[in-house]
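The values are calculated or read from the model by the stated rules, or taken from the named source; none is laboratory data. Remember, predicted model here, so these are calculated numbers, not experimental data. Virtual Cβ from ideal backbone geometry, glycine too; neighbours counted across all protein chains shown. Calculation scope for accessible area: heavy atoms of the full protein, side chains included, ligands and nucleic acids excluded. Shrake-Rupley method; radii C 1.70, N 1.55, O 1.52, S 1.80 Å.
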Amino acid sequence: MANSDNVIRAGLTPKLRDIPNLIATLTYTSLPASEQLVSPSPFPSPAAASSPQTPSTSTLYDPPIPEFSVVQTKLPREGEETHRAIDGP
């Protein structure tokens, strides 16, 4: 990974660690655990969305954090699947 001006390092590196700046950028908003749980949901490909016979091999994990989502895709050997973009910043 190349050096970047938009990285705040906090440890595990010999490079400059800017802990005060890191702490200043964190938010400390607590919520009940029930609001922090991530429920997986199907993430259909365009082909799967248009045809019930085409199963999706992907699952969306979308936590209550606007900058972060994960799509897990489990393809069979020689398989392929395309996806739409995920909304984000």
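Miscellaneous remarks
- Filter result (among the β-branched types (Val, Ile, Thr), at pLDDT below 75 and loosely packed, with under 13 Cβ neighbours inside 10 Å) within segment 48-77: none
- Filtering segment 1-47 to residues that are open to solvent by 70 Å² or more (accessible area, probe 1.4 Å), modelled with pLDDT under 85 and not in a loop (DSSP other than H, G, I, E, B) leaves 33, 34, 35, 46.
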